[in-house]
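Accompanying notes for the structure given below.
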Amino acid sequence: MIVVLLLAGRGRRMNKLTYNRHKAFTILNNQPALMYLLDSLIAVGTKELITVLGFDSKRLSKYIHSVCGNKIKISFVYNHDYTETNNLYSLLCTRDKVEGGEFMICNGDIVIDPDILNDMMNLGDKSVVAVDDINRDKDIDSPGIIFRDNRIYDLGRHIKKKDTAGYAIG
């Protein structure tokens, strides 16, 4: 499966931690957060990785090549307008590479268990969103989700904590 990795943004909400480096390089247990995600993508047998870059693109592309360059086919797409746009625009930058095919969108600043990724990749032609329902009673800066009739009815940051069934995991 093709994975579109969204890494163009600056991580402004992390303030001083990301002033000179991308938020995916935030250290967790002595490793950059991005390392955990790339390891998971390798573990589930990802065939192709299309990475959207913007801020800190040279360092990110070098790092991604060093971790998985001989294990996954990698291509880079640049969102030159990353300071004025969002993840949806970054995804649009990949249109000519993914249109008409199956792909998974993944934010580049998450840590996710390979088993969850594997389950999502093996659901066939279904649209899927990973949801954290354990922390639904907490204030988390992530899109909330409302379910109706076993389907996603609404998804976004506008959903109030009291109404959410959980939070979308990038």
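Here are the numbers for the structure shown:
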| read-out | value |
| --- | --- |
| Output for segment 93-115, where each listed residue is assigned to a helix (DSSP H, G or I) and exposed (fewer than 14 other Cβ atoms within 10 Å of the Cβ) | 95, 96, 115 |
| Segment 74-133, residues that are within 18 Å of residue 152 (Cβ to Cβ) and in contact with a Phe, Trp or Tyr (Cβ under 6 Å, 6 or more places away or on another chain) | 132 |
| Within segment 143-165, tally of residues that are small (Gly, Ala, Ser) and not in a loop (DSSP other than H, G, I, E, B) | 2 |
| Test: residue in segment 69-88 that is modelled with pLDDT under 90, farther than 28 Å from residue 125 by Cα, in contact with a strand residue (DSSP E or B) (Cβ under 7 Å, 6 or more places away or on another chain) and part of a loop (DSSP other than H, G, I, E, B) | no |
| Within segment 142-166, tally of residues that are farther than 22 Å from residue 103 by Cβ and in contact with a strand residue (DSSP E or B) (Cβ under 9 Å, 6 or more places away or on another chain) | 15 |
| Qualifying residue in segment 32-52 (condition: within 16 Å of residue 7 (Cα to Cα), in contact (Cβ under 8 Å) with a residue 24 or more places away in the chain and exposed (fewer than 12 other Cβ atoms within 10 Å of the Cβ)) | no |
| Residue in segment 156-166 that is within 20 Å of residue 3 (Cβ to Cβ) and open to solvent by less than 80 Å² (accessible area, probe 1.4 Å) present | no |
| Some residue of segment 132-142 being under 22 Å from residue 55 (Cβ atoms), modelled with pLDDT of 85 or more and in a loop (DSSP other than H, G, I, E, B) | no |
| Candidate set from segment 116-131 (those that are at pLDDT below 85 and not in a loop (DSSP other than H, G, I, E, B)); member that is most open to solvent (accessible area, probe 1.4 Å) | 131 |
| Subset of segment 62-77 (residues that are within 15 Å of residue 93 (Cβ to Cβ) and among the small types (Gly, Ala, Ser)) | 75 |
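The values are calculated or read from the model by the stated rules, or taken from the named source; none is laboratory data. Since we're looking at a predicted model, the values are computed, not measured. In this analysis, Cβ positions are derived from the backbone assuming ideal geometry, glycine residues included, and neighbour counts consider all displayed protein chains. Protein only, heavy atoms only, side chains kept; ligands, DNA and RNA dropped before computing areas. Shrake-Rupley method; radii C 1.70, N 1.55, O 1.52, S 1.80 Å.
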